[in-house]
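To start, the structure under review is shown below, and the notes come after it.
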Amino acid sequence: MNYQEKIEKTVEFIKNSTYAVALTGAGVSTESGIPDFRSPRGLWQRFKMITFDEFIINRQARQEFWEMKKELLPELLNAKPNEAHYALAKLEKMGLLKYVITQNIDGLHQLAGSKQVIEIHGNNREALCIDCGRFYKIEEIIEFLKEDIADVRCSNCGGVIKPKIIFFGESMPEREFNLAQTASSQCDLMLVVGTSLQVYPAAGLPQLAYHSGAKLIFINQTETPMDELAEVVIHEKAGKALGDILKEFKRGC
Ligand code: APR
């Protein structure tokens, strides 16, 4: 199949589905200027990945984590949705997409207008003291970081503040992950967009969908280890491919 045939096939699958969902990863936001993790210029080339245990018990690891956030948070908070986010929001509005299950913490799907977003890796907007549970907005944390505070501590009890993102080694948020699993096992079509499918349990969701009888469409710039499971594999930028899918819908109307 050439590119245009893949776009047409995808539109046909979406039209024929009664329960379509999308699973997105960092690749859906690179066109908004947010780097992904595992591409040659990805974050894990520049920063050390800190695990949950390290963050909780190791002051040095926390300092490295907050150094990274100090650099990344302003651009993350200023980022705007791109064509890929808008296209998924539009599909939901047209009644063609039930959920966006996302590994991203940037909130760009919601900013683009998606209402049914399941954030399985948490979000970047909030943080909590792990001792007293005091809630912090990310803007307050940015103020701490501006003051060059290396180890961000709770102003209430001095406890460790943890952003509401899911670290490696941390359990998944129960409600969100249950919902994501249910949607994956009930859907008849899953669009998998901008994820390397290397991180579990998120990467198990397309497998769950596939083994429950759903068709898979992959839109990713590079190959993934699960390409052979998909009916259609589009190696293209998410913004272009999803934009072209929407155009094809309009052409057919
Ligand atoms: N369009 C389509 N695909 C893209 C684009 C784009 N514009 N830009 C990058 N990609 C692809 C890359 O080729 C890569 O395969 O998106 C994928 C991103 O993969 P990762 O960097 O591994 O990101 P992701 O799969 O979301 O990572 C999963 O790992 O470190 C953790 O918690 C973090 O949620 C994240 C998880």
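The values are calculated or read from the model by the stated rules, or taken from the named source; none is laboratory data. The model shown is predicted, which means the values in this text are computed figures rather than measured ones. In this analysis, Cβ positions are derived from the backbone assuming ideal geometry, glycine residues included, and neighbour counts consider all displayed protein chains.
For segment 41-56, how many residues meet the condition of being part of a loop (DSSP other than H, G, I, E, B), within 17 Å of V199 (Cα to Cα) and not charged (D, E, K, R)?
Within segment 41-56, residues that are part of a loop (DSSP other than H, G, I, E, B), within 17 Å of V199 (Cα to Cα) and not charged (D, E, K, R) number 3.
Out of A89, A79, A112, A61, report the one residue that is more than 13 Å from the ligand (Cβ to nearest atom), more than 16 Å from the chain's Cα centre (by Cα) and either aliphatic (A, V, I, L, M) or closer than 22 Å to C187 by Cα (or both).
Every option except A61 fails the conditions.
Can V192 be described as of a type outside the set (D, E), within 11 Å of the ligand (Cβ to nearest atom) and either over 24 Å from H85 (Cα atoms) or at pLDDT 95 or above (or both)?
On the way: of a type outside the set (D, E): yes; within 11 Å of the ligand (Cβ to nearest atom): yes; either over 24 Å from H85 (Cα atoms) or at pLDDT 95 or above (or both): yes.
Yes: the conditions hold for V192.
What is the one condition in (1) more than 16 Å from the ligand (Cβ to nearest atom); (2) assigned to a helix (DSSP H, G or I); (3) among the aliphatic types (A, V, I, L, M) that M1 does not satisfy?
Tallying (1) more than 16 Å from the ligand (Cβ to nearest atom); (2) assigned to a helix (DSSP H, G or I); (3) among the aliphatic types (A, V, I, L, M), M1 fails exactly one: (2).
Only one of these conditions is not met by A87: (1) in the same structural domain as G27 (by TED's automatic domain parsing); (2) at pLDDT below 95. Which number is it?
Of everything listed in (1) in the same structural domain as G27 (by TED's automatic domain parsing); (2) at pLDDT below 95, A87 misses just condition (2).
Residues of segment 103-120 being in a loop (DSSP other than H, G, I, E, B) and over 17 Å from L242 (Cα atoms), which ones?
Listed by number, the residues that qualify are Q103, N104, I105, D106, G107, K115, Q116, I120.
Hey, can you tell me all the residues within segment 148-171 that are closer than 22 Å to M49 by Cβ, part of a loop (DSSP other than H, G, I, E, B), out of contact with any Gly (no Cβ under 7 Å at 6 or more places or on another chain) and of a type in the set (V, I, T)?
Result: V152, single match.
From the list L128, L145, L72, exactly one residue is assigned to a strand (DSSP E or B) and in the same structural domain as V160 (by TED's automatic domain parsing). Which is it?
Details: L145 fails: assigned to a strand (DSSP E or B); L72 fails: assigned to a strand (DSSP E or B).
One residue alone meets the criteria, L128.
Mind checking which residues of segment 1-51 are of a type in the set (S, T, N, Q), surrounded by fewer than 16 Cβ atoms within 10 Å (Cβ to Cβ) and outside the structural domain of G95 (by TED's automatic domain parsing)?
Result: Q45, T51.
With the checklist (1) in contact with a helix residue (DSSP H, G or I) (Cβ under 8 Å, 6 or more places away or on another chain); (2) surrounded by 15 or more Cβ atoms within 10 Å (Cβ to Cβ) in hand, flag the one item P201 doesn't pass.
Tallying (1) in contact with a helix residue (DSSP H, G or I) (Cβ under 8 Å, 6 or more places away or on another chain); (2) surrounded by 15 or more Cβ atoms within 10 Å (Cβ to Cβ), P201 fails exactly one: (2).
Suppose the filter is away from the ligand (no atom under 11 Å from the Cβ) and either in contact with a His (Cβ under 8 Å, 6 or more places away or on another chain) or in contact (Cβ under 8 Å) with a residue 60 or more places away in the chain (or both); does E248 pass it? Explain how you work it out, then say what you get.
Numbers: away from the ligand (no atom under 11 Å from the Cβ): yes; either in contact with a His (Cβ under 8 Å, 6 or more places away or on another chain) or in contact (Cβ under 8 Å) with a residue 60 or more places away in the chain (or both): yes.
Here the answer is yes, as E248 does meet what is asked.
Filter segment 196-245 for residues that are free of Cβ contacts under 8 Å to residues at least 12 places away in the same chain, farther than 18 Å from Y3 by Cα and assigned to a helix (DSSP H, G or I); which is nearest to the ligand (Cβ to nearest atom)?
G204
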